[in-house]
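The next block holds one structure in the form of structure tokens; read it before the comments.
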Amino acid sequence: MTVKGGSAGVRASAQRMYGSRGWARKYESRLFVSDVAVVTLTMILAHAARFGWDPFAPLAGAGGGRHYWQVTLAIAVLWVLNLGWTRSRDPMILGHGPQEFQRVVLAGWRVFAIVAVIGFLTQWDVSRGYLLFAIPLGTLALLVYRAAWRQFIHAQRDNGELLAQVIVVGPTITSGQMIRRIRRSRRAGYNVIGACLPAGHEFRDEDLADVPLLGSLDDAAQVAIDRRAEFVLLSGTDAMSLKESRELGWALEGTGIGLIVAPAMVDVAGPRVSMSPVEGLPLLHVDIPKFEGGQYYAKEIADKVTAGALLLLGAIPMLIVAALIKLTSPGPVFFRQERIGRNLEPFAMLKFRSMYVDAEERLIALREQDRAEGNEVLFKMKDDPRVTSVGRVLRRFSIDEIPQLLNVLKGDMSLVGPRPPLRREVEQWDERTARRQLVKPGITGLWQVSGRSDLSWDESVRLDLYYTENWSLAGDLIIILRTVGAVLAGRGAY
């Protein structure tokens, strides 16, 4: 059975998320089996790398009665249990956002800490090399295979599967905005099966004409039960009193239907949000974003160390690329262009040259010929005739961006951050867009791994602003890992 959902006209499965036949339980079971397999294999390899294939290698400080095979088994069991205790297999976080990966890392860190504490208290001398091989390698393996599972989820959700059935309830304008966001983020896992609006209201926008109006706000709980919805999403309380919102929650008790409340403030990440109850009213505290301090120094150190290491590793491949550029088209190897950095300071950004030397002179004509749809600021063009044959390959896999590691070492750029803009783009910005430059621009960023050149201007600005105000070192690591996947697949690059 299918219902209309996702973007307009797209069919979505009506399969339920929870229940004995729901997709969540099946997927959790598969993840559990995969976790067990990966952890077991990792621990066996760690044991073999440190002690060979002798399962009876003695554990120092254990009085001769303990062997490493017992430690290997105990750590494997503890690790699998921690993956469950951190709720890394929770269906609500699978397929979207960084929480799944953060919880996998947390599980590995907890295992390391528990083993270290037990070793200290019992005086068992567990090999440091053994642990330093097993925990990081296993965590990396878990992250890689979880990323592979996530690709499977994305493919299924793109086809209308593995979705939770949702009814949106609230004021007309905010409900419409919420439905549009859900449809744009299909991989978040929600399928809107209808809406309940204030009595006498309806959606007037053409893109929402296919959303069934199932009743008024007073009917929301019964409508959700009748339609077998799995969540009621309260998009705002402007049309409902605090008492009515509370009664909606009461009416859903015992039905198995969850209540999701969308806050009025958007594009704010979890680390900046905390909650405190006041007279039964949950108040969300939102920290003001800060653009200096210890975490920025840590980011800068991590950027420079990583950039230096990558330049050393990539020295020979970079020489080969430079030779190909020089031999196939006249002009310099590097392309230097003024870009605008943090606090609107200009700097010279480096790239491998991927265009003919007269590219800038031909830009005006091409801009008029093929302006990107919905974008009056950022020029982008598929099959750009200014790009050389070698440059097309360099762009396809983002190899042309590698020299920007030198900009990172110099301090003009970061590994992860908003896209470095041109001066002519900045001159057209409003005050909101200019907030992107409160942090250093990056070689990669949130918008690059969310669609790269396929995104509209407004969507790329929204993602850059979200990153600027909510970034974290853990989030940067996830963006870098996603960048590797986007580059290898060549998605959205031209």
**Asked** Can you name the residue in the stretch 188-207 that is more than 26 Å from Arg246 (Cβ to Cβ) and in contact (Cβ under 8 Å) with a residue 40 or more places away in the chain and, of all such residues, is farthest from the chain's Cα centre (by Cα)?
**Response** Asp207
**Prompt:** Of Leu438, Leu477, Leu446, Leu473, which residue is free of Cβ contacts under 8 Å to residues at least 12 places away in the same chain, closer than 20 Å to Asn407 by Cα and not hydroxyl-bearing (Ser, Thr, Tyr)?
**Reply:** Leu477
**Fill in**
Among helices (runs of 4 or more DSSP H) entirely within the stretch 396-491, at least 3 residues that are surrounded by fewer than 22 Cβ atoms within 10 Å (Cβ to Cβ) and of a type in the set (A, V, I, L, M) occur in 473-489
**Item:** Matching residues, the stretch 95-121, being of a type in the set (Gly, Ala, Ser) and in contact with a Ser or Thr (Cβ under 7 Å, 6 or more places away or on another chain)
**Value:** Ala107, Gly108
**Asked** Just checking, which of Val223, Val192 is in contact with a helix residue (DSSP H, G or I) (Cβ under 6 Å, 6 or more places away or on another chain) and modelled with pLDDT of 85 or more?
**Response** Val192
**Prompt:** If Ala147 passes every condition in (1) in the same structural domain as Gly236 (by TED's automatic domain parsing); (2) surrounded by 16 or more Cβ atoms within 10 Å (Cβ to Cβ) but one, which one does it miss?
**Reply:** (1)
**Item:** All positions within the stretch 31-58 that are at pLDDT below 85 and of a type in the set (Gly, Ala, Ser)
**Value:** Ala46, Ala48, Ala49, Gly52, Ala57
**Request:** Give the stretch 173-211 a look and list any residue that's more than 22 Å from Asn159 (Cβ to Cβ) and either assigned to a loop (DSSP other than H, G, I, E, B) or assigned by TED's automatic domain parsing to the domain that holds Arg150 (or both), or say none.
**Result:** Pro198, Ala199, Gly200, His201, Glu202, Phe203, Arg204, Asp205, Ala209
**Asked** How many residues are closer than 21 Å to Phe397 by Cα and either β-branched (Val, Ile, Thr) or surrounded by fewer than 15 Cβ atoms within 10 Å (Cβ to Cβ) (or both) if we restrict to the stretch 335-355?
**Response** 2
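The values are calculated or read from the model by the stated rules, or taken from the named source; none is laboratory data. This is a predicted model, so every value here is computed, not measured. Neighbour counts are summed over all protein chains in view; Cβ atoms, including those assigned to glycine, are modelled from backbone coordinates with ideal geometry.
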